[in-house]
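Take a look at the structure below.
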Amino acid sequence: MVTKQIVEDGAVEGLRFNFRGDLIRPGEPGYDEARARHNAMFDKRPALIARCTGTADVQAALGFALQAGLPIAIRGGGHSVAGFSSVDDGVVIDLSRMRGVHVDPDAKTVRAQGGALWGDVDRETQVYGLATPGGVVSHTGISGLTLGGGFGILSFKLGLSCDNLVSADVVTADGRVLVASETEHPDLFWGLRGGGGNFGIVTSFEYRLHPVGDVLVSMSMYSPDQGAEMLDFLKGLYVDAPADLAFMGIFLTVPEQPPMPIFPPEILGKKMCAIFAAWIGDPDEGQKAIAPIKAFGKPSFEIALPMPYTMLQTIQDENEPWGSRNYWKSAYLKELSSEAIGVIASRGPTAPAPNSSVLIGRFGGAIAAVGEMDTAFPLRDSGYVVQMDSSWPDPEADDENIAWTRELASALEPHTLDRVYVNFIGDEGSERVEKAYGAERYKRLVALKDAYDPANVFNLNQNIKPSR
């Protein structure tokens, strides 16, 4: 398929005068590679991909797109499940060449450029035995995850990614470069922590770091018919578990060719339920801490071994390969009721694709310790989060995989809270976004949008529309 040239040669040459990165148009070498995204369900064909090398390039590309009247998409890590990081017949401001990471071990902070991936950040911070809460897939971009909230293995102990944000450099819709922090443009800083990419292009993030060394990882797998009992057991375990113990229930298919040869042959390719745990504290206390988990049932397989934090952060990579087709849902639950357990346990093992999974984790802890209106991230005091992640390779299987995810989410809905995780919302309209944030928070976000992006330049996101 050939895309019509919308951006003419002369215009590109004019931009190139003030641009140090790569400017790629349809038909040029590298175009198909540059437009590819993690979620292959969205096959967008931009008129121009501007691969930036720094903030000055971002300013130049933004100014060019506005002058040309073209729609704009921002690409950080390219993981947007809704396909927001690309656009047909518009300009992609691509930060993928901006992956620099600098650690200040004395201040215990790290500054990372907007195109960095969590694997980049973890690799550099672990040199000093430090980390900040990130996602669970190493090739996820820091930008989208942080701006939408960001939770992972460290979150119950150390908070969300956005809770550990110290400052951010932001290119706003009018081309200004602002520093947002608690003391500089604090209103913008509030909105960046959970409000998504609505208020500008973040070219660098500064995070607070914490001591994190090797992690004791435990995995116990059971037959799917033990799923309800497993979740009921976990519900009791959640009550008194220490913050250093991260754990979750999972419904999954064991990979037929796992990245590490740790599974016995008889469970390869089989549907299972599992308890996954990671002890983040003192290694000498780890075995004692995970002992209560082993009180449940007779596992088909179990393992407990220490591993570097950087390795822990790659465990999910194989289940979310680049270029797969993805459809996700999430839900918050105040309590893991017997009805909710029944829905998850009965439907979780029926996923049609082997890379699909259902994860049940606990909220609260350091997440709930932050005031409910201190950041734009909503609903910190929910007890549980359920992630329904569908991933499959074949376009012909779209209908059955999307249907499975929707049906599970719909069946669970009567037992959930009236909010969702904004990073998992697809292109579902403004009503869904407003519902995710709640009326009071959404009103404040609209006022912030009016102040920093009144023309809604940044609209390819979980969009907060300005009031005028």
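The values are calculated or read from the model by the stated rules, or taken from the named source; none is laboratory data. All figures in this text were calculated on a predicted structure; none of them were measured in a lab. Every residue, glycine as well, gets a Cβ built from its backbone with ideal geometry; the counts of neighbours run over all protein chains shown. Side chains included, ligands, DNA and RNA excluded: accessible areas come from the protein's heavy atoms. Shrake-Rupley method; radii C 1.70, N 1.55, O 1.52, S 1.80 Å.
Tabulated values for the structure
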{"item": "Set of aspartates and glutamates with alpha-carbon distance to LYS298 below 18 Å, sequence-local pairs under 8 removed", "result": "ASP225, GLU229, ASP232, GLU266"}
{"item": "Cβ-based net charge around LEU95, under 14 Å, with every Lys or Arg adding one and every Asp or Glu removing one", "result": "+1"}
{"item": "Listed peptides 442-454, 146-158 by packing density, highest first (mean Cβ within 10 Å)", "result": "146-158, 442-454"}
{"item": "Highest to lowest packing among 178-186, 357-365, 191-199, scored as the average C-beta count within 10 Å", "result": "191-199, 357-365, 178-186"}
{"item": "Net charge of neighbours whose Cβ lies under 13 Å from the Cβ of ASP22, counting Lys and Arg as +1 and Asp and Glu as -1", "result": "+3"}
{"item": "Which of ARG20, ARG123 is most accessible, then next, and so on - probe 1.4 Å", "result": "ARG20, ARG123"}
{"item": "Candidate aspartates and glutamates for bridging to LYS449, where Cα separation is under 18 Å - those fewer than 8 sequence places away on the same chain excluded", "result": "ASP169, ASP174, GLU184, ASP187, ASP374, GLU431, GLU434, GLU440"}
{"item": "Mean ellipticity per residue at 222 nm, deg cm²/dmol - from DSSP H runs of n ≥ 4 across the chain, formula -39500 (n - 2.57)", "result": "-7500 deg cm²/dmol"}
{"item": "13 Å Cα-Cα reach of LYS329 towards aspartates and glutamates, excluding residues that sit fewer than 8 places from it in its own chain", "result": "ASP389, GLU407, GLU413, ASP427, GLU428"}
{"item": "Charge tally in the Cβ shell below 12 Å around PRO264, where Lys, Arg are +1 and Asp, Glu are -1, PRO264 excluded", "result": "-1"}
{"item": "Charge-dipole axis of the chain as Lys and Arg at +1 and Asp and Glu at -1 on Cβ define it, positive-most pick from ASN461, ILE315, PHE156", "result": "ASN461"}
{"item": "For the chain, Kirkwood radius (reciprocal of mean inverse C-alpha pair distance, Å)", "result": "22.8"}
{"item": "For q = 0.10, 0.16 Å⁻¹, Debye-computed log10 I/I(0) when each Cα of segment 235-325 counts as one equal scatterer", "result": "-0.30, -0.78"}
{"item": "Karplus (6.51, -1.76, 1.60) ³J(HN,Hα), θ = phi - 60°, over segment 158-163, in Hz, Gly and Pro reported as x", "result": "10, x, 7, 4, 5, 6"}
{"item": "Rounded Å value of the spacing that divides the Cα centres of segment 344-373 and segment 321-337", "result": "7"}
{"item": "Relative contact order (percent, whole number), segment 356-468, Cα cutoff 8 Å, 6+ residue spacing", "result": "22"}
{"item": "Most to least packed among 456-465, 265-274 [average Cβ atoms within 10 Å]", "result": "456-465, 265-274"}
{"item": "Fraction of accessible area attributable to carbon and sulfur, segment 104-149 (%, probe 1.4 Å)", "result": "49"}
{"item": "Probe 1.4 Å, protein heavy atoms only - accessible area per residue of the chain in square angstrom", "result": "40"}
{"item": "Cubic angstrom per residue, convex hull over Cα atoms of segment 380-468", "result": "125"}
